[in-house]
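After the structure tokens below, expect a handful of questions from me.
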């Protein structure tokens, strides 16, 4: 066991890392392994779910790529976005300018509308505008306004006194002419009151002195005095009630007097005002020359009728003007909409014209820069119509698609050039094809830099060479029997070489595989073709003696005649004939492995493990390389020891059994194995290098730690694992 002492120090311990003796140790080990198996099972289930999820994501991503791969060959959307943003900015600026103009027009329209409404309001008063007496009337109204303001100020100053006089308004409103009668009544009431007071005083004196009266009939006097007192008391009460009534009447008369005085004052002021107004009116009538006679009413009525007629005419004229204005507004709206549509059409056409001019400038620049102006500027095309040019373009496009189907670069350029909005891309495609052909001109055969002329000369040269080749083929033609014999001899030679490889593969064994062999058989259809060529060629001389068919084409026709059930696809007879002349197409090879009791099994993915499949393929590859080494050694005449290296990446995908199978195979075949894996595979053999990336002071360093396996050293096997963390 290897024990780590420090970061770079290790030592070897003779004690194992796990105790192996005793039942307790074994039981503990079994429990540990059971727990580890449970954890591994759980981890395996988790990883299986993750693998399924990753596969689904990969399938979804593949479908996404397959569906949207054409997006990568489309135009740059950011360029379109920038153009649209610039276009939007221009439209917004134009829209803002149009809105400002529209706002100004609307303001002017509102002002005009207000003016029209003001004129409509002034039309009924048009006669007043023609009246010359308006200034005098304004002055009169101004004087009345001043008087009203003066009255308001008077009320504001003497409001308290007016409030006090308000209860006696009825008295003040009485007739002032009754004032003298009221005064006389008041004096009479005062005199009556004084007389009553004197009588009451005298009666009181008499009552106080009635004891001094000594009459004989005192009893009657007493009764008479009491009656007199009652009468006097009644008279006194009557006098007091009359006095109170007289006092109330006096107060009412006084209030009525004050009211009458106020009414008199107001009537006097109204009389004076109306008299002044009448004088002013007389003066105005005299000034304007109006005669206040019997015919004035008739003249006024005639003038009124005339003014009513003018008013009706003005109203009808106003209605006509309003209808005309409405019609003008509707027509203006229609013209505005037409103007907006024309502006949009103009902007679109302007944009198209600018784009076309920019494309034309780009086309001319490309043409001049690449020197293809003479080829593209053809005057006869100017006299063709658009349909004829479009038909020529479609035919040329179909021919070009077939011509550049095998060239990825030209195919992509052709796909991009199909955009009708970018005509310069067609010139770019022409330039690309021109450059492609120019690079492939055989300067040793043709002396020109123009690919079109070179193609024409090459067509002439090709026809000449084809004719010469036909003549030479007729001179050097071989029989179909000789061709069949040559192919059979070649097949026999290769079968012998494969048998020699099988002799070497018999000693190959690894894992459960005891031996490997190759089985080579001739295809039945091709074997039938060889039999017909060698024995029945006289029946098909119509193909091989034809001057219109080459030997390869005749061979392909014969193959199709013998096997009509086979679909040849889009391949030409020349291509099929060339394939039939290759002996490798006549052979079918299978790989078989011997797995002990199972016997010989066909090497398929389901029959072998991953390590066995890799080992089988590698053993065949090694035997082929070994045969190359033997042949090279025989040809050079030197004994050279080859260096056999086998590189394996992502080895962590293989299990431990597959890794052990590879180690065993490399050990037996004397090969050196170099493995790269993200984790440690097996430190028992070879040397393991651990690479750790560290960052110190913003600088990356790779820390390398080497560990040699503690098993028996094998210089031939060097598994190297790279653990990057």
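Coordinate-derived values only; no laboratory data. Just so we're clear, the structure is a prediction, and the values are computed from it rather than from any experiment. Because the Cβ atoms are built from the backbone with ideal geometry, glycine has one as well, and the counts that use them run over all protein chains shown.
Over all alpha-carbon pairs of the range 75-128, lay out the pair-distance distribution in 5 Å bins, whole %, shortest bin first.
5, 16, 11, 10, 9, 9, 7, 7, 6, 5, 4, 4, 3, 2, 1, 0
While we're looking at this one, here's another question. Provide, for q = 0.17, 0.29 Å⁻¹, the log10 of I(q)/I(0) from a solvent-free Debye sum over equal Cα point scatterers in the range 373-432.
-0.64, -1.31
For the range 294-370, what is the Kirkwood estimate of the hydrodynamic radius, computed as the reciprocal of the mean inverse distance between distinct Cα atoms, to one decimal in Å? If you can, show how the numbers build up before the last one.
Working: mean 1/r = 0.0537 Å⁻¹.
Final number for the Kirkwood radius of the range 294-370 is 18.6 Å.
Any idea how far apart residue 58 and residue 194 come out in nm if each label point goes 7 Å out from Cα toward Cβ?
Going by the 7 Å Cα→Cβ label model, 14.7 nm.
If I model a spin label as a point 7 Å beyond the Cα along the Cα-Cβ vector, how far apart are those points for residue 602 and residue 368 in nm?
It works out to 7.0 nm between the two label points.
Hey, another quick one. Kindly state, to the nearest 0.05, the FRET efficiency for residue 523 paired with residue 700, given R0 = 60 Å and r defined as their beta-carbon distance. Before the final figure, lay out the partial values.
Numbers: r = 58 Å, r/R0 = 0.97.
Plugging the Cβ-Cβ distance into 1/(1 + (r/R0)^6) gives 0.55.
For the range 341-406 and the range 111-142, write down the distance between their C-alpha centroids in whole Å.
After rounding, the separation between the Cα centres reads 73 Å.
Mind checking the full-extension length gain between residue 47 and residue 380? Use 0.36 nm per residue of separation minus the Cα-Cα distance, one decimal, nm.
Numbers: separation 333, 0.36 × 333 = 119.88 nm, distance 7.08 nm.
Net length gain for the segment: 112.8 nm.
Would you kindly compute the Cα radius of gyration of the range 334-384 and its largest Cα-Cα separation (Dmax), both in Å?
Cα radius of gyration and Dmax of the range 334-384 are 17.5, 54 Å respectively.
Given the Cα-Cα distance of residue 397 and residue 325 and 0.36 nm per residue of separation, how much length would full extension add, in nm?
On the way: separation 72, 0.36 × 72 = 25.92 nm, distance 6.09 nm.
Gain on extension, residue 397 to residue 325, equals 19.8 nm.
Can you give me the distance in nm between label points at residue 624 and residue 567, each placed 7 Å from the Cα along the Cα-to-Cβ direction?
3.0
Also, I was wondering about something else. Starting from the Cα-Cα distance between residue 283 and residue 227, subtract it from 0.36 nm times their residue separation and give me the gain in nm to one decimal.
12.0 nm
Now, a different point. Let's test the formula: R0 of 45 Å, r as the Cβ-Cβ distance of residue 76 and residue 689. What FRET efficiency results, to the nearest 0.05? Write down the numbers at each step before the final one.
Numbers: r = 47 Å, r/R0 = 1.04.
About 0.45, to the nearest 0.05.
Based on alpha-carbon centroids, what's the gap between the range 242-308 and the range 538-596 in Å, whole number please?
140
Return the FRET efficiency for the residue pair residue 85, residue 468: r is the Cβ-Cβ distance, R0 is 60 Å, and the value is rounded to the nearest 0.05. Intermediate values should be presented prior to the final figure.
Working: r = 65 Å, r/R0 = 1.08.
After rounding to 0.05, the efficiency reads 0.40.
Still on this structure, please answer the following. Once the Cα gyration tensor of the range 480-642 is diagonalised, what are the square roots of 5 times its eigenvalues, in whole Å and ordered largest first, as equivalent ellipsoid semi-axes? The partial results should precede the final answer.
Values: eigenvalues 294, 86, 36 Å².
Value: 38, 21, 13 Å, ordered largest first.
Is the C-alpha gyration tensor of the range 551-636 telling us rounded, prolate or oblate? Criteria: a/c under 1.5 is rounded; beyond that, a/b larger than b/c is prolate, otherwise oblate. Working shown, then result.
Details: a/c = 3.41, a/b = 1.61, b/c = 2.12.
Judged from the Cα gyration tensor, the range 551-636 comes out oblate (a/c at least 1.5, b/c at or above a/b).
Where does the range 30-76 land on Rg(C-alpha)/(2.2 N^0.38 Å)?
On the way: Rg = 19.9 Å, N = 47, 2.2 N^0.38 = 9.5 Å.
So the Cα radius of gyration is 2.09 times the expected 2.2 N^0.38 Å.
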